[in-house]
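Here the structure comes first, spelled out in structure tokens, and everything after it is commentary.
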Amino acid sequence: MRKLRILHLYPDRMNIYGDMGNIICLQKRMDWFGLKHEYITNTVSEKLSGKFDLIFMGGGQDRGQIAVGSDLQTKQAIIKDHINSGVPALTICGGYQLFGKYFLTKDSGKIEGISVFDVVTKATELRMIGNIVCVSDEFGTIVGFENHSGATQLGDSAQPLAKVIKGYGNDGKSGFEGVIYKNAIGSYLHGPLLPKNPSLADFLIGTAARNIDKQFILKNIDDSVAMLANSYAQKLPQ
Ligand code: GLN
């Protein structure tokens, strides 16, 4: 198996509440699975070309989103080609919003997204902050921490990632959190998300590996500590 190429978009502008821990988690688990990997970053004004096996973009303040918004437009085609051909991706909060159609900010107008996800986000007066617990048939109980004022509405073709048990999720009303399109996930959960939710990490890693070798099977690893963190987080107050 060749090296898995992990693309991290805008790590200098879009990285809050420990989002970088998602990359560390992916790298560590790939080591444990015996998968070689390469970490590639791309930010504003840097050319994006080549093929990647997994794409990640973290969250950020509105200011960070404004700083990367127009640059991301120039990379729309290559990113969409990857996602449409089944490359797994994880986008968190501000990154999730910009992988949607647009984010309408409170004071700075509309930031166009790249429409990977059929979702739109509008700033609200409500700051949706706190611990969040949700559940999905595929990934089990997902835990994290959210902090956003943007409320995200799913379009007709969009599939939510999970149902909210405690917390706000996409908009604090619909009862849904995140989105999944092909193998790309958008989520409001920081934490970072992946160390406490290994089923999500392994979905991304397993998909990336199987895109190269259909037969690839992730071996079992001891996730008792990660699951202890997951069950502890389930009991935290919102
Ligand atoms: N600025 C966005 C919001 O508040 C995203 C915040 C984030 O990435 N945590 O909705």
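The values are calculated or read from the model by the stated rules, or taken from the named source; none is laboratory data. None of these values were measured; they are calculated from a predicted model. So basically every Cβ, Gly included, is an ideal-geometry build from the backbone, and we count neighbours across all protein chains shown. Side chains are part of the model used for accessible areas, which takes the heavy atoms of the whole protein and leaves out ligands, DNA and RNA. Shrake-Rupley method; radii C 1.70, N 1.55, O 1.52, S 1.80 Å.
Structure notes:
- For residue 149, net neighbour charge (Lys/Arg +1, Asp/Glu -1) across residues whose Cβ lies under 12 Å away: -2
- The stretch 94-143 and the stretch 150-221 have Cα centres lying 13 Å from one another.
- For residue 11, neighbours were defined as the other residues whose beta-carbon sits under 14 Å from its Cβ, and their charges (Lys and Arg +1, Asp and Glu -1) total -3.
- Zone of residue 216's modelled label, taken as backbone nitrogen in the stretch 10-39 under 18 Å from a point 7 Å along Cα→Cβ: 23-39
- Net length gained if the chain between residue 85 and residue 115 were fully extended (0.36 nm per residue, minus Cα distance): 9.3 nm
- Cα gyration tensor shape for the chain, rounded if a/c is under 1.5, else prolate or oblate: oblate
- Under 5 Å, built H, 5+ apart or other chain: amide partners of residue 41: 8
- Cα gyration tensor shape for the stretch 99-192, rounded if a/c is under 1.5, else prolate or oblate: oblate
- Net charge of Cβ neighbours under 10 Å - reference residue 190; Lys, Arg +1; Asp, Glu -1: -2
- Solvent-accessible area per residue, Å², over the chain with all protein chains present [probe radius 1.4 Å]: 45
- Highest average packing first - 31-40, 136-145, 215-224, Cβ atoms within 10 Å: 136-145, 31-40, 215-224
- Cα shape, the stretch 1-92, gyration tensor, a/c 1.5 rule: oblate
- With the simple model of a label 7 Å out from the Cα in the direction of the Cβ, residue 173 to residue 40 spans 4.1 nm.
- Note, ³J(HN,Hα) from phi for the stretch 127-136, Karplus 6.51, -1.76, 1.60, rounded to Hz, x at Gly and Pro: 8, 8, 10, x, 6, 9, 10, 9, 9, 9
- Relative protection proxy for 228-235, 98-105, from highest mean packing down: 98-105, 228-235 (other beta-carbon atoms within 10 angstrom).
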